[in-house]
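Reading through the structure tokens given below for one structure.
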Amino acid sequence: MANENRKLSRYLKRKLNLKEAQEEIEQMVKKKAPCHQKVNNHFSDNEISSNPQQSEQPSSEPVTCVLTSQFHEDEDPKNIAELKSKTSSQNSVAEGCESYDSDEEYNLNEKNSNTFEDKDCESSAYLSMLCLAYKLKYHLSNEAFKDHLKIIQIATESTAAEIESAAKCVEKYDHLLMDVKKIFVCANKNCDAILEIGKDGLPKQKQRCRHPFDKSRSCYVLVLPIEQQLKFFLESGGMKLRKETTGYDGTTLGDVQSGKCYREKVRGDGSENQVIFTAQLNVDGAQSFKKSKFGIWPFMGVINEIPYGARRAHMILMALWFGNKKPPRGPFLDTSIAELKHLGSSGMKFGELTVFLRPLVLTTDSMARTVFLDGTICRGEFGCDFCLHAGETTKIGRGSARVYPEPTTNPTFPLRTIEQHEKDLMVITIALEMGKPVHGIKGPSPFLALTFFDYVTAQVPDYLHSVCQGAIKCLLEFWTDSKYHTELWHLNKHKLAIIDARLSQMRPPYEVTRTSALVSNLGDWKASEYRAFALYYFSALEDLLPKQFYDHFLCLVYGLQVLLQEEVAVERVKEVEFIFQYFVREAEVLYGRKRIRYNFHLLTHLVQSALNWGLPWSNSTFIPEWFNGELISLKNGTQCVAEQMVKSFLLKKAVRSDAISLITNFNLPITVSALLRKLLNISQKEAFYSHINQDFGSSYGTIKLLGSALKKKTNPFYEIAILNYLASSDLDGSLKKSTESFAYHYSYKRVSIPQKGIFTTTSYTRSPKRTNFCGYMKDDSFFMIESIISFQSFPLEGNILLVGRVMGTISAVKYSPPIDNISFLNFPGQSRKLIG
């Protein structure tokens, strides 16, 4: 009885603190208190400068800009409890974040959230879920998972049946594999026959195709239920994540919803009880083992109507092929397409709603696209999947290759349409010559069954393969490969050493995911490294690559900088089409006709794809390629590889759905809910959805001081800069009141600013390969942050001051290609030159 009273008193105390904090927040919102964060107007909306070659030499006296703060981390332990209770409701995770801060934020609005209902939860309800989440996060083997459960039993002295053994822990999810259908296919490379199954559940030894079944070389497809995964998505907060599809008016381009074809094809019928989700379909191969010819080919879907950063957590796996050859089109796709037809026309019931799922975009690389469409690859005649360019055969050494030179006429070649495709199929059918392609078409596509799906226009030239690992990679190989040592564009060893030295000195901000890689290690570069080189590190080539080739490369650089913006005007995108056509034509002059391969030709289709389906980043294969790696990491051992991947994938979806339900409906301990969110990648918006979080957080964000404070004596130069700033900017005197004494201040080395990133001081040494102390100002100058200070030990309602020096201003000289009649603008993230 004493223990129960003690628990109850702690619970009531927590409830009391929450109510007090809630009342304070409501008063602040009503009064529009100064705790609403505002970044000083000195800062530009262009985020941090991404120029890796910024000068670090100060050029003027210290100046000051101010940030309004709410709280900082690592506060005095005496104030931690009060700090968390007062400010936790003000924290919010930005929509679309792929990673979440270690400091968890919680919603305190009891009226709009079920998080703090009067429902306590026993440890047995979440202990097994934590164990499963830990297993899935770190890919534990069965033996490691068993030992982990034993450790938990010993540490907690729990007698819960769910953690007695690994089998009991996953027992409630055993039904997930019951609906997975397994289809065996003949392993012969020229045979796609479906094998007959015997009484033992395995294929018979003798088959109608006359190819005997070999268990050691078995090829099969695992078909997963799409409706079940869509239900998991909806139960995990899918409706909360759903974005409005009417946010674009046709004047700007951004996510998939901004495309012309999306706005034309995705239209509701006016019923409030019907919700339409659309998906990007992808298929690609990946090797399961380094020394095995057997690999996997997942058929997956990426949901369009949720933020880009949340799409990885809600992938839909429709089918998984395991074998030593490309998956046969019929057995691999037919069952999933039939279910997509049902979900696209009839939908599924979710409460009072009818939810539809319809395919909209096909995102695959050129070699895997033949799985979706029965046609020739890019090496054959009419190998382009977007236009009727036949290509030309040219001799290279002892062999030959197909090239795609760009003609001077405009438009160049007629685009493929669904009507043209159907005409070609009729010609093939009438002639009864299925072996002879017509305009590159060999036979019908499985997507013919989806009458509402235009599978020809739905194709997009994925920029990961066509640009990053295509055109950019080709150019770098031209410049660095020794077999071109006699060519004018070749860079010798001395020049390559200078380029490597320049790249090693470049220090990008945190927003650039990869630091500069050396050209000498070109064979190890990833697609994101080629992209980073073209966007940020290309200036290392200046004065080393001959000017005509360098200026030509700037055409590609500028075009990518436009197309990879978060949002950009349609007029600017249309200008890029002319720039890319110019780039391909000039490439033929500079590098020779025989080197204009298919990847160069695909550049001419990027703009039309952006106009139809949004900018290239919104429908690239970066997410599907990541998902392939995730599936491979789900295996433990060499037996039943595909089954292991599917079981772990479905298990993670089910556990994630249950965890969100548990967090939302029960009063979990804060540490438990935080750990579940971290292990299962559950965002703030999925777990907590209330009026205060939605309005307060999205409107103002949260400025965070990171790290512990160090009390210092104020530098006289800093004091002068602060006084000058107060005289010019602190019109209402609010900052002056909070900083009456300048003798001492509290110094920090890092600050997180919403929608702008993390800024550090020049003295921060823990990220030697990064430059995060530079802010790009609205007056086209750069601000070098020397100190982040506050005159309050606990600046809950105070202000943060950034003190530093102006580094220089933007030069009129731009990194832009020499093309007449086009005005080249500066874009966020674009590299520019400095003066001073």
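The values are calculated or read from the model by the stated rules, or taken from the named source; none is laboratory data. From a predicted model like this one, the values you see are computed outputs, not experimental measurements. Here Cβ is always computed from backbone atoms with ideal geometry, including for glycine, and neighbour counts include all displayed protein chains. These area figures cover heavy atoms from the full protein model, side chains too; ligands, DNA and RNA do not enter into them. Shrake-Rupley method; radii C 1.70, N 1.55, O 1.52, S 1.80 Å.
For the reader, a short list of remarks on this structure follows.
- Qualifying residue in the stretch 483-492 (condition: touching a His at 6+ places or on another chain (Cβ under 8 Å) and open to solvent by 20 Å² or more (accessible area, probe 1.4 Å)): yes
- Counting the residues of the stretch 643-667 that are farther than 17 Å from LYS240 by Cα, of a type in the set (A, V, I, L, M, F, W, C), open to solvent by 10 Å² or more (accessible area, probe 1.4 Å) and at pLDDT 85 or above gives 2.
- Pairs linking a residue in the stretch 136-147 that is under 16 Å from LEU631 (Cβ atoms) to a residue that is of a type in the set (Val, Ile, Thr), with Cβ atoms under 9 Å and 6 or more positions apart or on different chains, are LEU136/VAL655.
- If the condition is being in a loop (DSSP other than H, G, I, E, B) and touching a residue at least 40 places away in the same chain (Cβ under 8 Å), then the stretch 380-390 contributes GLY380, GLU381, PHE382, GLY383, CYS384, ASP385, PHE386, LEU388, HIS389.
- Residue in the stretch 205-220 that is open to solvent by less than 10 Å² (accessible area, probe 1.4 Å), closer than 30 Å to LEU631 by Cα and either of a type in the set (A, V, I, L, M, F, W, C) or out of contact with any strand residue (DSSP E or B) (no Cβ under 7 Å at 6 or more places or on another chain) (or both) present: yes
- LEU631 satisfies every condition listed in (1) farther than 30 Å from GLU577 by Cβ; (2) within 23 Å of the chain's Cα centre (by Cα); (3) open to solvent by 10 Å² or more (accessible area, probe 1.4 Å) except (3).
- Unique residue being outside any helix (DSSP H, G or I) and open to solvent by 30 Å² or more (accessible area, probe 1.4 Å) when the list is THR429, THR457: THR457
- Selection of the stretch 116-169 for residues being more than 35 Å from the chain's Cα centre (by Cα), charged (D, E, K, R) and surrounded by 14 or more Cβ atoms within 10 Å (Cβ to Cβ) yields GLU162, GLU164, LYS168.
- Total residues in the stretch 614-640, condition small (Gly, Ala, Ser) and not in a loop (DSSP other than H, G, I, E, B): 3
- Among the residues here, LEU611 qualifies as open to solvent by 10 Å² or more (accessible area, probe 1.4 Å), touching a helix residue (DSSP H, G or I) at 6+ places or on another chain (Cβ under 9 Å), in a helix (DSSP H, G or I) and within 27 Å of ARG312 (Cα to Cα).
- Any hit, the stretch 573-594, residues being open to solvent by 10 Å² or more (accessible area, probe 1.4 Å) and touching a strand residue (DSSP E or B) at 6+ places or on another chain (Cβ under 8 Å): yes
- Filtered residues of the stretch 764-782 (kept if over 24 Å from ALA501 (Cα atoms) and either touching a helix residue (DSSP H, G or I) at 6+ places or on another chain (Cβ under 9 Å) or open to solvent by less than 90 Å² (accessible area, probe 1.4 Å) (or both)): GLY775, TYR776, MET777, ASP780, SER781, PHE782
- Beta carbons closer than 7 Å, at least 6 apart along the sequence or on distinct chains, pair a first residue in the stretch 488-499 that is free of Cβ contacts under 8 Å to residues at least 60 places away in the same chain with a second that is open to solvent by 60 Å² or more (accessible area, probe 1.4 Å) and not in a loop (DSSP other than H, G, I, E, B) for LEU496/SER520.
- Within the stretch 507-555, the residues that satisfy the criterion of being closer than 30 Å to GLY629 by Cα, open to solvent by 10 Å² or more (accessible area, probe 1.4 Å), assigned to a loop (DSSP other than H, G, I, E, B) and of a type outside the set (Val, Ile, Thr) are ARG507, TYR510, GLU511, ARG514, SER516, ALA517, LEU518, TRP525, LYS526.
- Applying the condition of being at pLDDT 90 or above and acidic (Asp, Glu) to the stretch 479-523 and asking which residue is farthest from SER752 (Cα to Cα) yields GLU487.
- Residue ID - surrounded by the fewest Cβ atoms within 10 Å (Cβ to Cβ), chosen from residues in the stretch 221-259 that are hydroxyl-bearing (Ser, Thr, Tyr) and modelled with pLDDT of 85 or more: THR251
- Output for the stretch 191-204, where each listed residue is open to solvent by less than 30 Å² (accessible area, probe 1.4 Å) and not in a loop (DSSP other than H, G, I, E, B): PRO203
- The stretch 789-812, residues that are at pLDDT 70 or above, β-branched (Val, Ile, Thr) and in contact with a Leu (Cβ under 9 Å, 6 or more places away or on another chain): ILE789, ILE800
- Residue in the stretch 641-658 that is outside any helix (DSSP H, G or I) and touching a residue at least 60 places away in the same chain (Cβ under 8 Å) present: no
- Checked against the criterion of being under 28 Å from GLN561 (Cα atoms) and either hydroxyl-bearing (Ser, Thr, Tyr) or open to solvent by less than 10 Å² (accessible area, probe 1.4 Å) (or both), the candidates ALA310, ALA279 yield just one match: ALA279.
- Among the conditions (1) open to solvent by less than 60 Å² (accessible area, probe 1.4 Å); (2) modelled with pLDDT under 90, THR409 misses just one, which is (1).
- Identity of the residue in the stretch 337-379, closer than 22 Å to SER620 by Cα and of a type in the set (Ser, Thr, Tyr), that ends up surrounded by the most Cβ atoms within 10 Å (Cβ to Cβ): THR363
- In the set (1) open to solvent by 20 Å² or more (accessible area, probe 1.4 Å); (2) part of a loop (DSSP other than H, G, I, E, B); (3) modelled with pLDDT of 85 or more, ARG263 fails one condition alone, (2).
- A search for C-beta distances below 6 Å between a residue of the stretch 281-306 that is under 16 Å from THR364 (Cβ atoms) and any residue that is open to solvent by 20 Å² or more (accessible area, probe 1.4 Å) and polar (S, T, N, Q), counting only pairs 6+ apart in sequence or on different chains, returns GLY295/GLN287.
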